[in-house]
Structure formats: structure tokens, C-alpha cells
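Presented below is the structure to which this report refers.
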Amino acid sequence: ATERTLSIIKPDATKRNLTGKINAKFEEAGLRIVAQKRIQLSKAQAGAFYAVHKERPFYDELCEFMASAPVVVQVLEGDNAIAKNREVMGATNPADADAGTIRAEFAESVGENSVHGSDAPDTAKEEISFFFSGLEIVG
Ligand code: CMP
């Protein structure tokens, strides 16, 4: 079925001018970028977005990192988009990511791992509405 998922191109990638190369990976996989904006998150906004990880030991570091430079937030649409995006991203830790995936090619570490993608339909819905209004998404 056609799905939408929330994707973030993270500070390590925007700093290295990799937005276009990462978007090419999404588009080559058949995902359509139906909304996109470059924004600077505050640490508090990053904390709110990653609230589910509040108790994790890396939470503070994660929020600092996500606020350290601009991010590109986007909505990707396509058949089976949530799983397809996770395939294209590769494993969270680039050391475990399959060859050809975004994280294998570009990520620097488990923390600075270039991209985020929603992990399930309910979180995709929540994460999309965290950043976008309906009017900003044009399929
Ligand atoms: P993401 O898919 O954005 O979801 C939560 C993020 O936490 C994850 O990608 C990683 O960037 C980060 N993360 C996960 N594990 C660690 C870790 N051990 N140390 C630092 N950051 C981590």
C-alpha cells in the first residue's frame, strides 16, 4: 500500500553537503519527496522529537547533535515507504549497515548516522505531524 514516512537528513550530512546525494538514494528506490524543508532545531525541539528516548544514556548527546547544525526534514511517499526507507538507510550503526545503503556510504558513527526514518505507521503519522501541516505535503 502507499505509505508516507518522516525522514530527517541529520547535521553530519547537511554539514558535508550530502543532501542531494541522499535524496538521490531515496528517489532511486522509488520514494517520492512530497514535502521537504531545511530547518535549525533547538535542543528543546530535538528533545521533544526524540522524547521516546528520554531515558537512554545517549539522549543528551543525541539532542545536542540534532541541534548542532541544520537538518532537512522531509516526507517520503511510496509503496511500502516505511520499510523501503529503512532498507535504503541501512542499520542504525554504520558498521552493521549493508553495502550501498545511506549509512554504509555516509554515516560517521552510530550517533552521527546521517539520517532518521520513522519505524512504524503510528510513529510515521506522529513524526510527520510534528514537522508538517497537511497543506505542506503535496503528493
Ligand atoms: P535514529 O533513527 O534517529 O533514532 C534515535 C537515534 O539515537 C539513532 O538514530 C542514533 O542516531 C542515536 N543512537 C542510537 N544509539 C546510540 C548510541 N549508542 N550512541 C549515540 N547515539 C545513538
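The values are calculated or read from the model by the stated rules, or taken from the named source; none is laboratory data. Small disclaimer: the values here were computed from a predicted structure and weren't measured. As a convention, Cβ positions derive from the backbone with ideal geometry for all residues, glycine included, and neighbour counts pool all protein chains shown.
Listed here are the residues, each with its yes/no results for (1) polar (S, T, N, Q); (2) away from the ligand (no atom under 12 Å from the Cβ); (3) farther than 15 Å from Ile8 by Cβ.
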{"site": "Ala83", "(1), (2), (3)": "no, yes, yes"}
{"site": "Gly117", "(1), (2), (3)": "no, no, no"}
{"site": "Lys125", "(1), (2), (3)": "no, yes, yes"}
{"site": "Phe132", "(1), (2), (3)": "no, yes, no"}
{"site": "Leu135", "(1), (2), (3)": "no, yes, yes"}
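Taking the stated definitions as given, is Gln45 among the polar types (S, T, N, Q) and in a strand (DSSP E or B)?
So Gln45 does not fit the description; no.
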* To do: Could you figure out which of (1) under 17 Å from Ile128 (Cβ atoms); (2) in a helix (DSSP H, G or I) isn't true of Arg4?
  => (2)
* To do: Quick one: count up the residues across region 25-38 that are touching a Phe, Trp or Tyr at 6+ places or on another chain (Cβ under 8 Å) and either within 15 Å of Ile82 (Cα to Cα) or without any contact (Cβ under 8 Å) to a residue 40 or more places away in the chain (or both).
  => 1
* Is region 89-98 home to any residue that is out of contact with any helix residue (DSSP H, G or I) (no Cβ under 6 Å at 6 or more places or on another chain) and under 21 Å from Ser129 (Cα atoms)? -> no
* Structure fact -> Checking Leu62, Leu18, Leu41 in turn, the sole residue that is in contact (Cβ under 8 Å) with a residue 12 or more places away in the chain, within 12 Å of the ligand (Cβ to nearest atom) and more than 12 Å from the chain's Cα centre (by Cα) turns out to be Leu62
* Of all the residues that make up region 90-139, how many are exposed (fewer than 14 other Cβ atoms within 10 Å of the Cβ), part of a helix (DSSP H, G or I) and touching a strand residue (DSSP E or B) at 6+ places or on another chain (Cβ under 6 Å)? -> 1
* Tell me, please, whether a residue that is modelled with pLDDT of 95 or more, surrounded by fewer than 18 Cβ atoms within 10 Å (Cβ to Cβ) and under 25 Å from Ala44 (Cβ atoms) can be found in region 72-88. => no
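Looking at Val88, Val52, can you tell me which residue is on the phi < 0 side of the Ramachandran plot and more than 10 Å from the ligand (Cβ to nearest atom)? Please lay out each step first, then the result.
On the way: Val52 fails: more than 10 Å from the ligand (Cβ to nearest atom).
Exactly one residue qualifies, and that residue is Val88.
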* Among the listed residues Gly20, Gly78, Gly47, Gly90, which satisfies the condition of being small (Gly, Ala, Ser) and farther than 21 Å from Asp119 by Cβ? -> Gly20
